[in-house]
Amino acid sequence: MNAEAPVEPGRIVLLTASHRVAPGLLSWPAWQTLHAADRVLCGDGAHPQLPYLREAGVGVEIAAPTAQELVDACAGGRTVVVLATGEGDRALTDGLARMAGSGRVQMPDLELLPGSYDLPGARLLDLVQVMDRIRRECPWSSQQTHKGLAKYGIEEAYELVEAIEDGDHDELREELGDVLLQVVFHARIAQEDAEEPFSIDDVAGTIVDKLIHRHPHVFGDADAETPEDVKAHWLRTKAVEKQRDSVTDGIPLGQPGLALAAKLASRVRTAGLDVELPSAGDDHGIGYELLTMAVRAEAEGHDPETALRAAARAYRDAIRAAETATNGA
């Protein structure tokens, strides 16, 4: 009498799909596996992939089996695909791990098959969704306006600069996120504008168009061999786009004084203008002296605002050292 053939353990495929990719956009191996499977299971009846699987002729059973039930379903060499839910299937995977670790069960082959992957920048979609919910449900955020948030934009920009100057990459990552939040927050508020609404997609689309237009050496046929060539083309293109009457147009007068003076000097130098610096009157003579120093710094390739901040930080360290010496005396 012949011995019974051993029972083939089969195969379990855990199929994952990114919620940041449009449902139905699955990899070819994922579609092949789904069509070839003996059973396809999903514990979430509202899973976004289900309509697309059914449209493609893939039968899906709404079921959340235990680890033992899933192993039993694979007996006889059957392949069972489990479509992972958005929250994950921790109980199932933990149960399969315990069974495999016991050594007492002939386990099916286990395979984790990513059906789709996040593209670079995909987490920005999460930020947009979170901001949308906060705007709708948070008592404070739902009442904010562009003007009310303006001061935070300035604060976050300064904190970003400080993180850059400190060379702290963890702090830099956090501060970049805070600046990005301001962009997304303002764009979300703008969606509610009754007369001229726009969204974060409009914001992104505008800057994408601008970058492509101002980089013909990357996206077109223009040549640019040096950073100076790139800057010159950028300025020419910007001048045509803006159609400004003065080189001073577009310079925000509310920025710090040294930065403002340097920006004005940069515009004058780039335009090749010969402008004599104003002289001091009876009052505010120190301001004109600072203006002269700022223009000189810009001409020598230095950012006077950054230079003064560096000097001020050194001054702060000297103050702390003096305080330590005094308190320790």
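Selection of the stretch 221-248 for residues being surrounded by 10 or more Cβ atoms within 10 Å (Cβ to Cβ) and either on the phi > 0 side of the Ramachandran plot or in a loop (DSSP other than H, G, I, E, B) (or both) yields 222, 224, 244, 247, 248.
Can you name every residue in the stretch 286-302 that is surrounded by 20 or more Cβ atoms within 10 Å (Cβ to Cβ) and either farther than 17 Å from residue 275 by Cα or among the small types (Gly, Ala, Ser) (or both)? Matches in the stretch 286-302: 294, 297.
Looking only at the stretch 189-208, which residues are free of Cβ contacts under 8 Å to residues at least 60 places away in the same chain and assigned to a helix (DSSP H, G or I)?
189, 190, 201, 202, 203, 204, 205, 206, 207, 208
When you scan the stretch 20-75, how many residues do you find that are of a type in the set (S, T, N, Q) and under 29 Å from residue 105 (Cα atoms)?
Going through the stretch 20-75 one residue at a time, the tally reaches 4.
Pairing each residue of the stretch 131-142 that is closer than 17 Å to residue 190 by Cβ and without any contact (Cβ under 8 Å) to a residue 60 or more places away in the chain with any residue that is surrounded by fewer than 14 Cβ atoms within 10 Å (Cβ to Cβ) and of a type outside the set (S, T, N, Q), provided the two are 6+ apart or on different chains, yields C-beta distances under 7 Å for 142/136. On the stretch given as the stretch 52-94, residues that are under 15 Å from residue 115 (Cβ atoms) and not aromatic (Phe, Trp, Tyr) total 12.
Within the stretch 9-52, being under 13 Å from residue 81 (Cα atoms), in a helix (DSSP H, G or I) and in contact (Cβ under 8 Å) with a residue 24 or more places away in the chain holds for 29, 30, 31, 33, 34, 36.
Take residue 114 and tell me if it is within 30 Å of residue 180 (Cα to Cα) and either of a type in the set (Lys, Arg) or loosely packed, with under 14 Cβ neighbours inside 10 Å (or both). So residue 114 fails the test.
Within the stretch 223-238, residues that are free of Cβ contacts under 8 Å to residues at least 12 places away in the same chain and over 18 Å from residue 251 (Cα atoms) sit with their Cβ atoms under 7 Å from residues that are surrounded by 10 or more Cβ atoms within 10 Å (Cβ to Cβ) and of a type outside the set (A, V, I, L, M), at 6+ positions apart or across chains, in these pairs: 223/217; 224/217; 224/233.
Within the stretch 250-274, track down each residue that is outside any helix (DSSP H, G or I) and under 31 Å from the mean Cα position of the chain (by Cα).
250, 251, 252, 253, 254, 255, 256
Six or more apart or on different chains, Cβ atoms under 9 Å: show the pairs whose first residue is in the stretch 298-315 and not assigned by TED's automatic domain parsing to the domain that holds residue 267 and whose second is at pLDDT 90 or above. Listed by first residue and then by second, the contacts come to nothing, as the list is empty.
The values are calculated or read from the model by the stated rules, or taken from the named source; none is laboratory data. The structure displayed is predicted, hence computed values, not measured ones. Heads up, the Cβs are rebuilt from the backbone with ideal geometry, glycines too, and the neighbour counts pull from every protein chain shown.
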